[in-house]
Structures are given as structure tokens and as C-alpha cells.
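Down below is the structure, laid out as C-alpha cells.
The values are calculated or read from the model by the stated rules, or taken from the named source; none is laboratory data. These figures come from a predicted structure and were not determined experimentally. No Cβ is skipped: glycine too gets one built from the backbone with ideal geometry, and neighbour counts run over all protein chains shown.
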Amino acid sequence: MILIMLGAPGAGKGTLGKKLSRMIGARYIASGDVFRKIMEKDTPQGNEIKKYMEKGKLVPDDLAIEIFMSKILPKDLTRDILLDGYPRTKKQAEHLDKILEERKAKVTAVVSLDVSNELIIDRLINRRICPECGEIYNLKYGKRPKQEGICDSCGTKLVQRIDDNEETIKDRLTTYEITTKPLITYYKKQGKLKHIEAFADTSVEELVQKTLLELAK
Ligand code: ADP
Ligand code: ZN
């Protein structure tokens, strides 16, 4: 099974995706985590993608596809996977369909997570992440760290992502509207779209249940 999560930055794809994959025994893969790891290294590729990522811009398709092929898509597709953050453009989606077809596989379903922009902005400003294990926390919503500023899972000092500031967040939302939203239509046409709506008071558990119900349809 190959599942894809679509949704604006800050919609909560990571939180839902991680929990959902644990429930169904799939491997959770977030393209953003892979890109951030590469960006943090002082290599030509790391420095190249940093130029885009720190401004909240998408990495250009050719480079994003190259990274996807070498570091994101598992060689073994027999284990179920949940892809968060990839594909994010029509070109990436078309390329993914082609690659999967060559490997006798296909996208099973696409979960589109819908959240209002106001809630997204407030959540992202209050988001903190663990640079070591990728765990996500929030000062205002949902999961707060037990000890202020420290990761519950591995004890590392939490940080704010360089692209989690109001101006960059607005740019990321615009990019999502223009570049990624068309994928909703793309997958709807393929009959694979599962639409999930989240509000400020929707718990992760509720979202997981809703998603499981949709996937079972
Ligand atoms: P967001 O919260 O903005 O969805 P992610 O952690 O998924 O953040 O991604 C962070 C950044 O990594 C993006 O702003 C972009 O620069 C880069 N990135 C991640 N996935 C892709 C992709 N599929 N195509 C191009 N760039 C990507
Ligand atoms: Zn951690």
C-alpha cells in the first residue's frame, strides 16, 4: 500500500501521518525531514536546497525528483509506506506515477487534510521540533514538551524551524495554493482522494479514526 498525504504546511500532516502509520504498520516518510537533513550538511547539494528552504520555497522539481529517487523512495516497495510532503507538484506526481508503474506498483490512496489558514498560521508560529528525532511539539496546541524546550523522546533541545516565521509561512501557504492544490484534482480524477477536515478542537485520535474510516471505503 502506498499512501500519500496532501495538505497545507502546518495542517498537521506530520502528526496525523505518524500516528496513522503506526496504526496500520506502514513506514512513515516525510520528504521535509529528508530535505532538512541534507540542508544541514555543508555540501553543494545542501547549500543549494537551503536557498529555497529557508525562504519557504519549494526545491525545484528536477532536484526534488533526484533527491526523491535517491533518498526518499524505498528500494523495497513490499512494505506499506505513507509519504508526507511528496509529491508536491504536478510534475512530481506524474513522475511518481511513471516510476511506480515501472515497478509494478501504484498509489493506493491520497489523504487530503483540510484546515483553515488562520489556524495554520497560529499553529506554525507555536511549533517546535526536535532536530534529532523529528518529534513535533506545540506551545499552544496538542503536544507540549514535558520539560520546557526539551524533547520528551530523546532529551535534545527543541528548535523552531527557520521557515516557521509569519512572513515565510504566508509564502508557503501561497505556494501550496498555487502549486500543490492542483494535485487534489489530479488524484480526484484517479478516484483516489480521501478528504479529511480538521478544526482547532479536532483531536489527533479523531482524525486518525476519520481517516481509517475513509480508507476502508
Ligand atoms: P511544510 O510544513 O512547509 O509542509 P516540510 O517539512 O514538508 O514543510 O518541507 C519543508 C521544505 O522542504 C519545503 O518548504 C521545501 O523547501 C522542501 N520540500 C519538501 N518536500 C518537497 C517537495 N516534494 N518538493 C520540493 N520541495 C520540498
Ligand atoms: Zn527528539
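Please work out if residue 53 is surrounded by fewer than 16 Cβ atoms within 10 Å (Cβ to Cβ) and closer than 24 Å to residue 37 by Cα.
Numbers: surrounded by fewer than 16 Cβ atoms within 10 Å (Cβ to Cβ): no; closer than 24 Å to residue 37 by Cα: yes.
Considered against the rule, which asks whether it is surrounded by fewer than 16 Cβ atoms within 10 Å (Cβ to Cβ) and closer than 24 Å to residue 37 by Cα, residue 53 comes out as no.
Filtering region 170-212 down to residues that are in contact (Cβ under 8 Å) with a residue 12 or more places away in the chain and basic (Lys, Arg), which residue is nearest to residue 18 (Cα to Cα)?
210
For the condition over 18 Å from the mean Cα position of the chain (by Cα) and not aromatic (Phe, Trp, Tyr), what is the one hit in 135, 40?
On the way: 135 fails: over 18 Å from the mean Cα position of the chain (by Cα).
The conditions single out 40.
Of all residues in region 187-212, count the ones that are out of contact with any strand residue (DSSP E or B) (no Cβ under 9 Å at 6 or more places or on another chain) and not in a loop (DSSP other than H, G, I, E, B).
7
Among 14, 10, 46, 56, which is at pLDDT below 95 and either over 21 Å from residue 175 (Cα atoms) or not in a loop (DSSP other than H, G, I, E, B) (or both)?
Among 14, 10, 46, 56, only 14 is at pLDDT below 95 and either over 21 Å from residue 175 (Cα atoms) or not in a loop (DSSP other than H, G, I, E, B) (or both).
Looking at region 21-39, is at least one residue in contact with a Lys or Arg (Cβ under 8 Å, 6 or more places away or on another chain) and part of a loop (DSSP other than H, G, I, E, B)?
Checking region 21-39: at least one residue is in contact with a Lys or Arg (Cβ under 8 Å, 6 or more places away or on another chain) and part of a loop (DSSP other than H, G, I, E, B).
Yes/no matrix, rows are residues, columns are (1) among the basic types (Lys, Arg); (2) modelled with pLDDT of 95 or more; (3) loosely packed, with under 15 Cβ neighbours inside 10 Å; (4) within 12 Å of ligand 2 (Cβ to nearest atom):
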{"residue": "76", "(1), (2), (3), (4)": "no, no, yes, no"}
{"residue": "82", "(1), (2), (3), (4)": "no, yes, no, no"}
{"residue": "89", "(1), (2), (3), (4)": "no, yes, no, no"}
{"residue": "102", "(1), (2), (3), (4)": "no, yes, yes, no"}
{"residue": "107", "(1), (2), (3), (4)": "no, yes, no, no"}
{"residue": "135", "(1), (2), (3), (4)": "no, no, no, yes"}
{"residue": "138", "(1), (2), (3), (4)": "no, no, no, no"}
{"residue": "151", "(1), (2), (3), (4)": "no, yes, no, yes"}
{"residue": "154", "(1), (2), (3), (4)": "no, yes, yes, yes"}
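Among the residues of region 151-166, are any within 26 Å of residue 92 (Cβ to Cβ) and among the aliphatic types (A, V, I, L, M)?
Yes.
Could you run through region 176-193 and say how many residues are within 12 Å of ligand 1 (Cβ to nearest atom) and either crowded, with 19+ Cβ neighbours inside 10 Å or among the aliphatic types (A, V, I, L, M) (or both)? It would help to see each step written out before you state the result.
Here is the first cut: in region 176-193, the residues within 12 Å of ligand 1 (Cβ to nearest atom) are 176, 179-180, 183.
Next, only the ones that are either crowded, with 19+ Cβ neighbours inside 10 Å or among the aliphatic types (A, V, I, L, M) (or both) stay: 176, 180, 183.
Final tally of qualifying residues: 3.
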